[in-house]
Structure formats: C-alpha cells, structure tokens
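As structure tokens, the structure follows; a few thoughts come after it.
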Amino acid sequence: MIFIDSDFVTNVTKLNRVNSRRVLLYMGNSAGVISYGKGKGSDYESAYNGAFKKLKENMVCIHLDRMNSVPMILTGKHNDFRLKIYSQEIGNYWGGFLMWQMLYFAGLTNYRFVINSRKLEPYSMIYAFFQAVTKNVTPRIIA
C-alpha cells in the first residue's frame, strides 16, 4: 500500500470556515490486482479510514502475463497529466519514482513510461494511471 497524498481543504462561507481533510491511497499485490481509495473527513483518522474502505471497494484485476506484461502501448490522460507506457524487452524504470512504484505493485515488468505534465497533481495521476493500466491485454488475447 502506498500513501500517495493528504491535504487540508478549507471552504469559506458567509458564516464560518468548514475544514476537511483528504487522503489518497493506492494498493497493488504485484500480481494484477490494484486499487485506489479517496477518503474525506473532518480529521485525518476518519479520512484515512474512509480511504481504506474505498480501497476494498475499488479493486480491479488487470490482464497480466509474466513473460510479456505490456505487449502494446498503453496511454492514459486526465486534465493536464498524460501517461504513456511502452513495451520494452528489458525494463527501463527511469522517471517518476511514485509512478514506478505504482507500476511495480501492479505487476508490470517489461516497460518504460513517459509522463507529460506541467503540474504533478496526484488525483490526475491516479485517474490517468488506471485509465492506461486497465487497457492492458496479454499476447494470448491479442492473438
């Protein structure tokens, strides 16, 4: 499990200020099961508990082959964040450390990735990641 982001949001109204906390978590078992959870609450404990509950609800199983885990180009984008994952015989894990960890926990092995973004927004990164990785297929499905 990776603790990706936590932040503090204040909504100013005419009467008072309403404070809330947000937490973003990611989980993978390195065998093709991945999940993310967003939690919101009045304090970090309730936000974390909500995110952990969403982790259990949002589980996704991706197609995975151990010999050729990324047989074609995978793309995903959300807002300004663009992600491309290319197939490669020997893995090249140079780039964003957080994205590398997420791909590793998804179970992908032979790839290289390119991130294009002016601002690394964690929520856009998660949405683009899931959009790209859920398109993954195995060579058997392609044949």
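Of note:
- Within the range 1-44, the residues that satisfy the criterion of being part of a strand (DSSP E or B), in contact with a Leu (Cβ under 9 Å, 6 or more places away or on another chain) and free of Cβ contacts under 8 Å to residues at least 60 places away in the same chain are Phe3, Ser6, Asp7, Leu25, Ser35, Gly37, Gly39.
- Being touching a Gly at 6+ places or on another chain (Cβ under 9 Å), β-branched (Val, Ile, Thr), farther than 13 Å from Val60 by Cα and in contact (Cβ under 8 Å) with a residue 40 or more places away in the chain holds for only one residue in Thr138, Thr134, Thr109, and it is Thr109.
- Residue in the range 94-105 that is in a helix (DSSP H, G or I), surrounded by 17 or more Cβ atoms within 10 Å (Cβ to Cβ) and free of Cβ contacts under 8 Å to residues at least 40 places away in the same chain present: yes
- Evaluation of Leu64 against (1) more than 21 Å from Ser6 (Cβ to Cβ); (2) touching a strand residue (DSSP E or B) at 6+ places or on another chain (Cβ under 8 Å); (3) touching a residue at least 24 places away in the same chain (Cβ under 8 Å); (4) among the hydrophobic types (A, V, I, L, M, F, W, C) (one fails), failing number: (2)
- Residue within the range 111-119 that is surrounded by fewer than 16 Cβ atoms within 10 Å (Cβ to Cβ) and part of a loop (DSSP other than H, G, I, E, B) present: yes
- The single residue among Val70, Val33, Val133 that is buried (at least 16 other Cβ atoms within 10 Å of the Cβ), more than 16 Å from Met1 (Cβ to Cβ) and within 15 Å of the chain's Cα centre (by Cα) turns out to be Val133.
- The range 51-67 - residue that is among the basic types (Lys, Arg) and surrounded by fewer than 16 Cβ atoms within 10 Å (Cβ to Cβ) and, of those, nearest to the chain's Cα centre (by Cα): Lys56
FYI, it's all coordinate maths here, none of it is from the lab. As the structure is a prediction and not an experimental result, all values here were calculated from the model. Neighbour counts run over all protein chains shown; Cβ positions are idealised from the backbone, glycine included.
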